[in-house]
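A.B. asks: Let me give you the structure first, and then I'll get to my questions.
The values are calculated or read from the model by the stated rules, or taken from the named source; none is laboratory data. It should be emphasised that the depicted structure is a prediction, and the values quoted were computed from it without experimental measurement. Here Cβ is always computed from backbone atoms with ideal geometry, including for glycine, and neighbour counts include all displayed protein chains.
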Amino acid sequence: MTANKYQIQLLRLVFNLVAFSLFLLILPASCIQKKASDGKKVFHLNISTGYLESMDPAYAKDLNMMWIDHMVYNTLVETDEKLHIQPSLAQSWEVNADGLEYTFHLRNDIFFQDNPLFPEGKGRKMKAADVVYSFQRIIDPHTASPGAWIFNGHVESANPFVAIDDTTVQIKLRTPFRPLVEILSMPYCNIIPHEVADHWGKDFRSHPCGTGPFMFEYWDEGNALDLLRNPHYWQRDSSGLQLPYLDAVQISFVDSKASEFLLFMQGKIDFVNGVDGSSKDLILSKDGTLKPEFTSRFRMEKSTYLNTEYIGFLTDTTSPLMAREPTRSVLVRQAINYAISRQKIVTYFKNGMGLPATKGFIPAGMPGYDTNALYGYDYNPAKALQLLALAGYPNGAGMKPLKIMVPTNFEDIVNFIASELNEVGITTTIELIQPNVLKQQISSSKAVIFRAQWLADYPDAETYLVFFNSSFPAPPNYTRFNNPTFDKWYDQSLNLPDTARWHIYRQMDSLAMSYAPIIPLYYEKLIHFTQNNITGFRSNPMNIIDLSRVDIR
């Protein structure tokens, strides 16, 4: 970036911050506390991407869909705030001695939400056959679910899901797979009724029906989504009161994090996930604490987030795209890793809301993460220059310029990375792309270098290591990493007890990092803002929010 461009961006940032500060000064106090005049308890939430692809859990591939699906549906098991697996639709389960058969015992008091497709419009009881239908639908090629990978290769090819009776379901595996129960907490595994899903077909995306705390009411795509309290929800609080406490959830689709935060400050929405770069310096100190002038306005909670932000490299050297790319060399990829100061990224771009990713791909907080790992990459420009010379590019001489494909909301960090690489002679530019378009490019191996994130799907480090398994397509293997030793260790890990499994996980992480198919940037911290009158808001380290116990005072 030239000095003039940097100065222009800085001036724009200062202008935005001043304008935002003036807005806060004139903001009426009455806007801060939102009260429903009709006495109803309505939780207001915004989806800052501006769109929601589907409410069909078979397609729950991004966080927005996961949030909504968690409100409408339930899974057999759930992951709590401490990464413990808890009963949900299944009250208990066991696995046989050889690890090939899992048996789940379902609750007998759970009903689907009322729906015109049920007799007299009344929700019927959820049964084991519904579990079989829901899981079989995920792996059915006609469904084309992006979540099919969670079962494919693991379950038996014939009749992998069996309803023994109305409250007992079995899952049969072809080989042992210890993370199975954790996988069943994923939103893909929400249980749906066949009558409604079959009737609507592809349009089930906009006509959801589940067993969750809220039921579908209205959707004006890109503008508004309304969910109402499920009056027959099965869960109760510790005092025996039926959940949820809220009467409704109203969701807006303002496609700007900066605008979203303004709405939050106006009291028009009750929750914000994370903080936009244009707002963070205004409300957060450099150490990541909330500035004193905001502590009386809203709450901020920080917690573990199983999310690794990274830059990925396409490593498939057979691809025509890679014919002249310098990053086909592991030495170049290693040099790039050493050339980047992750600590500066965390300090100056995240206000301390994260940890530098110098310990591999598995994030801090995940079982299997090694606090003493020596297989990551620290900031070492001298080492980067040494590796470039070994690769045949002394001081970057003769190297084709690199281009990093970047989603539009990550421009600032990657501009900094480009400047760091330019310092060691690696000419680097960025190409801004809409997030959904970039996902398609990465999945089809058309992105040579790309900015992305890997959020844990379930609380087992296998969800990170499958990212490098050559047996899988993209997703999850976006880099097309291929190493027979890694794949062998992956297979060996699948039926090991926890401690032994975590040990081999660290070996796998170390091996993958030695080939540098990615640049781990930072392990993010979860940061949530809620209005002061909101209580009972919860989330787990995968950032799945739970509104079932939220109350408005």
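A.B. asks: Looking at this structure, is Ser185 crowded, with 20+ Cβ neighbours inside 10 Å and hydroxyl-bearing (Ser, Thr, Tyr)?
C.D. replies: yes
A.B. asks: Quickly run through the stretch 496-509 and pick out the residues that are in a helix (DSSP H, G or I), of a type in the set (A, V, I, L, M, F, W, C) and over 21 Å from Leu355 (Cβ atoms).
C.D. replies: Answer for the stretch 496-509, where residues must be in a helix (DSSP H, G or I), of a type in the set (A, V, I, L, M, F, W, C) and over 21 Å from Leu355 (Cβ atoms): Ala500, Ile504.
A.B. asks: Can you tell me which condition Tyr188 does not meet? The list is (1) without any contact (Cβ under 8 Å) to a residue 60 or more places away in the chain; (2) touching a Gly at 6+ places or on another chain (Cβ under 7 Å); (3) not small (Gly, Ala, Ser), and all the others hold.
C.D. replies: (1)
A.B. asks: Looking at Asp114, is it part of a loop (DSSP other than H, G, I, E, B), out of contact with any Phe, Trp or Tyr (no Cβ under 6 Å at 6 or more places or on another chain) and within 23 Å of Thr211 (Cα to Cα)?
C.D. replies: yes
A.B. asks: Still on this structure, I have one more. Would a scan of the stretch 146-158 turn up a residue that is in a strand (DSSP E or B), touching a residue at least 40 places away in the same chain (Cβ under 8 Å) and not acidic (Asp, Glu)?
C.D. replies: So far as the stretch 146-158 goes, no, none of its residues is in a strand (DSSP E or B), touching a residue at least 40 places away in the same chain (Cβ under 8 Å) and not acidic (Asp, Glu).
A.B. asks: For residues that are over 16 Å from Asp551 (Cβ atoms) and not basic (Lys, Arg), tally how many sit in the stretch 516-536.
C.D. replies: 13
A.B. asks: Another question about this same structure. Restricting the search to the stretch 510-553, which residues are without any contact (Cβ under 8 Å) to a residue 60 or more places away in the chain and assigned to a strand (DSSP E or B)?
C.D. replies: Thr535
A.B. asks: I've got another one for you. May I ask you to list pairs of residues, at least six apart or on different chains, whose Cβ atoms are under 9 Å apart, with the first in the stretch 104-121 being closer than 16 Å to Val72 by Cβ and the second being of a type in the set (S, T, N, Q) and crowded, with 16+ Cβ neighbours inside 10 Å?
C.D. replies: Between residues of the stretch 104-121 that are closer than 16 Å to Val72 by Cβ and residues that are of a type in the set (S, T, N, Q) and crowded, with 16+ Cβ neighbours inside 10 Å, the close pairs are Ile110/Asn74; Ile110/Thr211; Phe111/Thr211; Phe112/Thr211; Gln113/Thr211; Gln113/Asn230; Asp114/Asn230.
A.B. asks: Give the residue that is farthest from Asn533 (Cα to Cα), with candidates limited to residues of the stretch 38-80 that are among the hydrophobic types (A, V, I, L, M, F, W, C) and in a strand (DSSP E or B).
C.D. replies: For the stretch 38-80, the residue satisfying everything is Val77.
A.B. asks: Oh, and also: Check off (1) touching a strand residue (DSSP E or B) at 6+ places or on another chain (Cβ under 6 Å); (2) at pLDDT below 95; (3) over 17 Å from Trp454 (Cα atoms); (4) not charged (D, E, K, R) for Leu526 and give me the number that stays unchecked.
C.D. replies: Single failed check for Leu526: (3).
A.B. asks: Give the number of residues within the stretch 457-491 that are aliphatic (A, V, I, L, M) and modelled with pLDDT under 95.
C.D. replies: Total meeting the criteria: 2.
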